[in-house]
Amino acid sequence: MSSEKTDALVIRQADFSESSRVMTLFTRDFGKVSALAKGAKRLKSAFESGFDLLARCRVVFLHKSTTALDLLTESQLLERFHPRAGSLSHLYGGYYVAELLNALTEEDDPHPLLYDAAVAGLEHLGRDESPFLAVTRFELAVLFEIGQLPDFYSCTICHSDIAPGHPGRFWVSQSGLICSNCGRSEYQPSEFHPGSLAVLHQLLQTEAGEPGEIPVSAQQKKEIRRLMTAAISHVLGRRPKTLSLITM
C-alpha cells in the first residue's frame, strides 16, 4: 500500500459501523476514491469533523491495489461549501455537482481540470444571484472531461458548420445540433435560437473560474436548460435526481 496526499471534495458518505464511515471523494490527483474513515463519527478523531458533503479537504490515504476500500488516515478541512444565503436552489446546485461527479466519473481516473471546475462552480454557487451559469458551466466541463460533450458548432447529420446568427435544432436522442436544412420531424428536434447558441458558445469559451456575469434572457435560459438536461440525461441514462430541485 502506498500513502497518498491530495486535495479532495466530499461527494458522498455512508455509515460503515457505529464509529466509521465510507467516504467517496473526488480528488484532484487520483480522481474518484472510495475510502474507509475509521473513527470518523467520533467527536475526537483525526478528521477534524471536516467531512460535510462538498467540503474541500486535504487528505492522506493508503491506496490499496486490490478491490478493497482505501484507508483514510488524515483529513484537514480547507473549506466548507457555503451556498448563497437563503437559496435552496444554490444548495441543490451543489448537490447536483456532487451527483454528477459520483455518477459520471470512474474510480482512480484523474481529472484535475474537472476538480478545478467543481471547486469554481461551488464558489460561484456561494455568491452568484442565479445558479444557472455555475450549473451550466459545470455540466459542460464534466461532459468535456468524460469525452461526451456534443458538437455545438456543426450539424450532427450533414456535419456542416452552423453559422452564427442561424437557428439550429437540438436532436434529443442523439444529443447534438441539427442545421435548418436537416430538420425533419422523425428526428424529434427542439428549436434552438441563434441567441441561445451564442450564449452556449460564450460559456464554452470562458474558464470555469471567470466571473459569472453573462447576460441571458429567460427564453435563452429555457432553451439551454432543455438542451443541457437532455445531453446529461442521454449520457447518464436517466434524468439527474437533484436537477428538478433547482430553480434557474
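The values are calculated or read from the model by the stated rules, or taken from the named source; none is laboratory data. No experiment lies behind these values; they were computed from the predicted model shown. Note: ideal-geometry Cβ built from the backbone for every residue, glycine included; neighbour counts use all protein chains shown. SASA here: full protein model, heavy atoms, side chains in, ligands and nucleic acids out. Shrake-Rupley method; radii C 1.70, N 1.55, O 1.52, S 1.80 Å.
The table that follows gives values for the structure above.
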quantity	calculated
Under 9 Å, Cβ to Cβ, from Arg80 - net charge with Lys/Arg +1 and Asp/Glu -1	-1
Rounded to 5, the percent of DSSP beta bridges in the chain classed as antiparallel	95
Cβ crowding within 10 Å averaged over residues, with 90-101, 52-63, 229-240 ranked highest first	90-101, 52-63, 229-240
Portion, in percent, of the accessible area of the chain that falls on carbon or sulfur, probe 1.4 Å	49
Hydrodynamic radius of region 28-152 per Kirkwood, over alpha carbon pairs, in Å	15.7
Heavy-atom accessible area ranking, 1.4 Å probe, most first, across Asp161, Asp70, Asp151	Asp161, Asp151, Asp70
Residue-level accessible surface for Arg80, protein heavy atoms, 1.4 Å, Å²	90
Exceeding the 25 Å Cα-Cα cut-off - candidates Lys38/Lys64; Lys32/Lys64; Lys5/Lys241; Lys32/Lys221; Lys32/Lys241	Lys5/Lys241; Lys32/Lys221
Ranking by accessible area, most exposed first, for Glu123, Glu74 with a 1.4 Å probe	Glu74, Glu123
Exposure ranking of Ser160, Ser244 by accessible area [1.4 Å probe, largest first]	Ser244, Ser160
MRE, 222 nm, helices only [DSSP H, n ≥ 4, -39500 (n - 2.57), over the chain, to nearest 500]	-10000 deg cm²/dmol
Kyte-Doolittle mean at least -1.0, axial Cα span of 24 Å or more - DSSP H helices of the chain	218-236
Relative contact order %, the chain, counting alpha carbon pairs below 8 Å whose residues are six or more apart	16
Student exercise, region 55-204 dipole from Lys, Arg, Asp, Glu Cβ charges, in Debye to nearest 20	340
Shape box of the chain [Cα atoms, principal axes, largest first, Å]	64, 41, 27
Average accessible area per residue (Å²) across the chain - probe 1.4 Å, nucleic acids and ligands excluded	49
